[in-house]
Amino acid sequence: MAPTEERIWQLLEEVSDPEVPVLSILDLGIVRAVRVADDAVDVTITPTYSGCPAMNVIATEIRLRLLAEGLTNLTIHNQLSPAWTTDWMSRAGREKLEAYGIAPPVDGTATGHLLNLFGEDTAVRCPVCKSEHTHLVSQFGSTACKAHYQCDDCLEPFDYFKCHS
Amino acid sequence: MSATLPETLAGIVPAAPNLLFPFVLQLADTSLILAHRLSEWCGHGPVLEQDLALANIALDLLGEARSYYQYAAELEGQGRTEDDLAYLRSAVEYRNPLLVEQPNGDFAHTVVRQFLFDNFHYHLLQALKESADAQLAAIAEKSLKEAAYHLKWSSEWVIRLGDGTAESRQRLDKAIAALWRFAGELTTPTTTETCLQRLGLVPDYAALLPAMEAHVAHVLGEATVPVPEAVFAQQGGKMGRHSEHLGYLLAELQYMQRSYPGLTW
Ligand SMILES: [Zn+2]
């Protein structure tokens, strides 16, 4: 029997980001489309960052999750445009991130203006003590999607999921 | 944009899809070789944060290279894969400009090489995302966001080193003296690039120069470093004439596939 698209979306909600396991791939906003025609399922995903090694794992996990439901006629498309942005991250995803100890993206703070060298760091709230007194340690963190921050109040170093738009 | 080749070029070059192949390959080679150079820093960075920054930039470029190689393989249509193109071509077949194959040197050399490349890369992608070729435009749109971070990183480091200590300044000056001559090749079109520019598939490099030069002037100004006089542009990489450095780099990059042909993960 052909699955409904709604059922596929439910199954995809159970696939998590291998690097940030509290986030589902739907929270991340990387699933762009699901199409079902007869028993053929077509899922379109978009990479977060070009070189993100998690993308191959995510495609495999999607395949495995749908296979477990007996869905064998599956195609996964990789779509580059429109390019992924953190604006697509769900509200629930942002809350889960912070509870997990990663500061969620602050919208509208992507590196837009080149001449803003040594500009003010984005004010990011410490996910541990919620202080706004934090500073950027490095724009490049433990993975492509994160920057490295430290809290000036509780001194905890933490990851910030950078705004990418 | 014209769909036909300019008269002067008719007969010399094949039609657009095949013409795009060497250009996309050139973009792929450029990102791959620089990614490899940057990855050589992994575990050797001056401080942990900058070690991570270099590895992150390398990873972005590697991802971009993969997109180009996959597209190049599709354009060629001969059954070669992205891996075949990266691992089974020799140095004379590589089309990256000379700049990106230059050795890492000290941190200042790496920063100056990156700054020259990022300044071109960022402005190129900004224009390339308007390309009449939809796939090139999509890759450019994706990579541009990452290239903006790279240019900010390398620009800030040029300023720190230039306006830093006597030691950092002296190293920056040496790096500029060694590497500036390789910048010209980036914006000097090959015959292939000229054709594609006339077809509207590749941006006109001359049109990128004012913004590139303005950024250099701004950053060097902040760094208290005088903008170097125009120097003779060292070229050849985009035509397959490389410095001796590329062979050694490829020997390492291609070692596994050459030793164990067909090896897969
Ligand atoms: Zn705190």
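The values are calculated or read from the model by the stated rules, or taken from the named source; none is laboratory data. Treat the numbers as computed from the prediction; the structure is a model and nothing was measured. Cβ: placed from backbone, ideal geometry, glycine included. Neighbour counts: every protein chain shown.
Values for this structure:
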quantity: Which numbered condition B:A178 fails, given (1) in a helix (DSSP H, G or I); (2) under 27 Å from B:Q135 (Cα atoms); calculated: (2)
quantity: Residue tally, condition under 18 Å from the mean Cα position of the chain (by Cα) and within 14 Å of B:R89 (Cα to Cα), over segment B:242-265; calculated: 6
quantity: Sole exception among (1) closer than 29 Å to A:Q139 by Cβ; (2) in contact with a Lys or Arg (Cβ under 7 Å, 6 or more places away or on another chain); (3) among the charged types (D, E, K, R) for B:E222, by number; calculated: (2)
quantity: Count of segment B:232-251 residues which are exposed (fewer than 11 other Cβ atoms within 10 Å of the Cβ) and at pLDDT 95 or above; calculated: 1
quantity: Whichever residue in segment A:1-26 is assigned to a loop (DSSP other than H, G, I, E, B) and among the charged types (D, E, K, R) and, among such residues, is modelled with the highest pLDDT; calculated: A:E14
quantity: Checklist (1) touching a Lys or Arg at 6+ places or on another chain (Cβ under 8 Å); (2) modelled with pLDDT under 95 applied to B:D29, failing item; calculated: (2)
quantity: Matching residues, segment B:203-227, being small (G, A, S) and part of a helix (DSSP H, G or I); calculated: B:A206, B:A207, B:A211, B:A214, B:A217, B:G221
quantity: Given (1) touching a Ser or Thr at 6+ places or on another chain (Cβ under 7 Å); (2) surrounded by fewer than 21 Cβ atoms within 10 Å (Cβ to Cβ); (3) within 12 Å of chain A (Cβ to nearest Cβ), index of the condition B:N104 fails; calculated: (3)
quantity: Selected residue (criterion: surrounded by the fewest Cβ atoms within 10 Å (Cβ to Cβ)) from residues of segment A:32-54 that are hydrophobic (A, V, I, L, M, F, W, C) and part of a strand (DSSP E or B); calculated: A:A37
quantity: Neighbours by Cβ (under 9 Å, 6+ apart or cross-chain): first from segment B:165-182, surrounded by 15 or more Cβ atoms within 10 Å (Cβ to Cβ); second polar (S, T, N, Q); calculated: B:R169/B:T224; B:A175/B:T110; B:A178/B:Q102; B:L179/B:Q102; B:R181/B:Q234; B:F182/B:Q102; B:F182/B:Q234; B:F182/B:Q235
quantity: Strands (runs of 3 or more DSSP E) completely within segment A:58-165 that count 3 or more residues being without any contact (Cβ under 8 Å) to a residue 40 or more places away in the chain and away from the ligand (no atom under 16 Å from the Cβ); calculated: A:74-78
quantity: Every residue from segment B:57-71 that is closer than 17 Å to B:L88 by Cβ and surrounded by fewer than 23 Cβ atoms within 10 Å (Cβ to Cβ); calculated: B:R66, B:Q70
quantity: Members of segment B:187-217 found to be in contact with a Ser or Thr (Cβ under 9 Å, 6 or more places away or on another chain) and closer than 29 Å to B:W153 by Cβ, listed by number; calculated: B:V202, B:P203, B:Y205, B:A206, B:L208, B:L209, B:M212, B:H215
quantity: Among (1) closer than 21 Å to A:H148 by Cβ; (2) more than 9 Å from every other protein chain (Cβ to nearest Cβ); (3) within 20 Å of the chain's Cα centre (by Cα), the one test that B:Y68 misses; calculated: (1)
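Yes or no, residue by residue, for (1) facing another protein chain (nearest Cβ under 10 Å); (2) without any contact (Cβ under 8 Å) to a residue 60 or more places away in the chain; (3) more than 18 Å from the chain's Cα centre (by Cα):
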site: B:L59; (1), (2), (3): yes, yes, no
site: B:L85; (1), (2), (3): no, no, no
site: B:A91; (1), (2), (3): no, no, no
site: B:N119; (1), (2), (3): yes, no, no
site: B:V158; (1), (2), (3): yes, no, yes
